[in-house]
1. Based on the Cβ-Cβ distance from residue 178 to residue 25, what FRET efficiency comes out when R0 is 45 Å, to the nearest 0.05?
2. Viscosity 1.002 mPa s, temperature 20 °C: what is the translational diffusion coefficient of the stretch 150-204 from Stokes-Einstein with a Kirkwood Rh over Cα pairs, rounded to a whole number of µm²/s?
3. Which FRET efficiency, nearest 0.05, do residue 60 and residue 110 yield, Cβ-Cβ r, R0 41 Å?
4. Neighbour counts of other C-beta atoms within 10 Å: give me 12, 225, 150 arranged from fewest to most.
5. Between residue 45 and residue 2, what length comes free when the chain is fully extended (0.36 nm per residue of separation minus the Cα-Cα distance, one decimal in nm)?
6. Okay, which of the stretch 145-170 sit inside 20 Å, backbone N to the point 7 Å along the Cα-Cβ direction of residue 90?
7. Past the 26 Å Cα-Cα mark, which pairs from 53/191; 96/207; 97/185?
8. Extent of the stretch 29-105 along each principal axis, from alpha carbon coordinates, in Å, largest to smallest?
Amino acid sequence: MRIYRVKDYKDMSRKAANIISAQIILKPDCVLGLATGSTPIGTYRQLVEWYNKGDLDFSEVRTVNLDEYKGLTEDNSQSYRNFMNQNLFNQVNIDKKNTYVPNGMAEDDAAECARYSGIIRALGGIDLQLLGLGHNGHIGFNEPNDVFDMEVHCVALTQSTIEANSRLFASADEVPRYAYTMGMKAIMQAKKILIAVSGEDKAEIVKKAFTGEVKPEVPVSILQMHRDVTLIGDEAALSQI
Ligand code: F6R
């Protein structure tokens, strides 16, 4: 594992954007696995800036997102599809037909999970997967469990995730209770993984994730078994390792 220890959120964002843009330059039709949340916002902003300068071309890039809340329409301001459109897709020359996010309004969970797995398979897997990290060790919405969930699945969000994500909703009651998420198989089959962390509040889980035992109670710990992981963390998030 490669670790970049950077000063702050801004440096983390620039470094992550550097790696993503290198991937796009090396393979213009690459498949990027993308995340939402607070962590990648600065990274996407930096990519948009470089696109506007003429340094990046997204016209052939394909993307597949980690997850989506169940029950939110694409145009709901809290949906992850909406987040991606606002923060990245609407601002660069990507073809929206080449961007995939689970359908939060699907009626049949099993069918939606099978459909999304089929998309990832048809894309030929992921070249570079960008991840953030939940306080409870989740990646995507792979919540702590007694087994690693390998396939795309519909998951009941834990109380800690609901509380953490309620900051973006009017109240915790409005946070959806379920989400569709990519499982560990697609994440672990990505050729490269880039995980970004920032802030003191992530320091404890970063330590457990990368220096503790590999176990499904700490889902992110599975990354210790991947051969090409880059961790970019600011000083606060890496303060315990
Ligand atoms: C989002 C996702 C989540 C977040 C994690 C950290 O698509 O998959 O695993 O990466 O909850 O969220 P932030 O970045 O808001 O701390």
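Computed from the coordinates by the stated procedures, all read-outs in this text should not be read as laboratory data. Just so it is clear, the structure is predicted and the values come from calculations on it, not from any experiment. Cβ sites come from the backbone with ideal geometry, for glycine too, and all protein chains shown count toward neighbours.
1. Result of the calculation: an efficiency of 0.75.
2. Numbers: Rh = 13.4 Å.
D, rounded to a whole number, is 159 µm²/s.
3. On the way: r = 32 Å, r/R0 = 0.79.
Efficiency computed from Cβ-Cβ geometry: 0.80.
4. Working: 12 26, 225 10, 150 13.
Ranking 12, 225, 150 by Cβ neighbours within 10 Å, fewest first, gives 225, 150, 12.
5. Values: separation 43, 0.36 × 43 = 15.48 nm, distance 2.38 nm.
Using 0.36 nm per residue and subtracting the Cα-Cα distance, I get 13.1 nm.
6. Correct set: 168-170.
7. On the way: 53/191 28 Å; 96/207 37 Å; 97/185 24 Å.
Checking Cα-Cα distances, 53/191; 96/207 exceed 26 Å.
8. Largest to smallest, the principal-axis extents are 38, 23, 18 Å.
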